[in-house]
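Here the structure is laid out as structure tokens; the discussion comes afterwards.
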Amino acid sequence: MSTVAKALFVLETLADMPGEPGLTQIARAARLDKATAHRMLCELEKFGFVEQDPASKCYRLGNAPVRLAHIRESRYPFLEIVLPQIRKLAADTHETVHLSRFISGRLATVHVDESPFANRVTIQSGVILPLHATASGIAYLSALTAVERANLLSGTLPVFTHQTIADRDELEILVREAAERGYSINHNGFDVGVASVAAPILDNRNHPIGTLAVAGPESRMTDENIKKFGTLVARTAREVTRAYWGTRQKAG
């Protein structure tokens, strides 16, 4: 492994670790000796990719990745790049399609293509989608680790309808089924009379950054359409991931 590859691997390792780990923890997680890990961290610190707390001597991500992320977004706007795939999905399903991003600890709708039917699901851009009560939320949870899910779902899960799943064991079953299937299914969890399917959109390290969903009135979301739209939304989510991140995804 080249020096650059080692440094980047240490950076990714640190990004995956909770809290602010010390040198020994980072070296162990990166499968490097402490001297090599320390050398890589020192180089990364010079360029602002990591920071070391002067008191605890522990490490955290620096500001350089944030700067690069802003440059990436300004030059390759996420929504602009993925809109063609979203519009094709809307045309193929004739139901409401919505894109969500995970922002500041919440899943928020950032774009909506409404169904051409008079009887359609209407979703406002900017609405916060409960992780346990929507297809989008369950899809997002399905791409996380069990620990990450537990951290996001702390506290009481609110009930919105008579079919909201607020029991954690039942929710875990839905999440696992979504992970195995490739898309989630939700009936009346957030709004009565609405059925949805959704799939996670991943970053280049296979971590979810958002979701893509198809929502329609239950009368049109038959078992056949659920399966058809679910397959389409899963495929489109993968296309969105590739369109934004290219082929440089971490093998999962």
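The values are calculated or read from the model by the stated rules, or taken from the named source; none is laboratory data. This structure is a prediction, so every number in the text was calculated from the model and none was measured. Note: ideal-geometry Cβ built from the backbone for every residue, glycine included; neighbour counts use all protein chains shown. What goes into the accessible areas is simple: the full protein's heavy atoms, side chains included, and nothing from ligands, DNA or RNA. Shrake-Rupley method; radii C 1.70, N 1.55, O 1.52, S 1.80 Å.
Taking the stated definitions as given, is L32 of a type outside the set (G, A, S) and either assigned to a loop (DSSP other than H, G, I, E, B) or modelled with pLDDT of 95 or more (or both)? So L32 passes the test.
Scanning region 163-190 for residues that are open to solvent by less than 70 Å² (accessible area, probe 1.4 Å) and within 19 Å of V121 (Cβ to Cβ) yields T164, Y183, S184, I185, N186, H187, N188, G189, F190. Does region 1-40 hold any residues that are of a type in the set (K, R) and loosely packed, with under 11 Cβ neighbours inside 10 Å, and which are they? R31 - this is the single residue of region 1-40 that is of a type in the set (K, R) and loosely packed, with under 11 Cβ neighbours inside 10 Å.
Selection within region 191-203: residues that are open to solvent by less than 50 Å² (accessible area, probe 1.4 Å) and of a type outside the set (G, A, S). The member of this set that is farthest from the chain's Cα centre (by Cα) is V194.
The single residue among R60, R28 that is touching a residue at least 12 places away in the same chain (Cβ under 8 Å), among the basic types (K, R) and more than 18 Å from R205 (Cα to Cα) turns out to be R60. Of all residues in region 116-153, those being closer than 12 Å to S100 by Cα and either basic (K, R) or in a loop (DSSP other than H, G, I, E, B) (or both) number 9. Just to be sure before I move on: is L144 of a type outside the set (V, I, T) and touching a Leu at 6+ places or on another chain (Cβ under 7 Å) in the structure I sent? Criteria not met by L144. Of all residues assigned to region 210-220, none qualifies as being open to solvent by 10 Å² or more (accessible area, probe 1.4 Å), among the aliphatic types (A, V, I, L, M) and in contact with a Gly (Cβ under 9 Å, 6 or more places away or on another chain).
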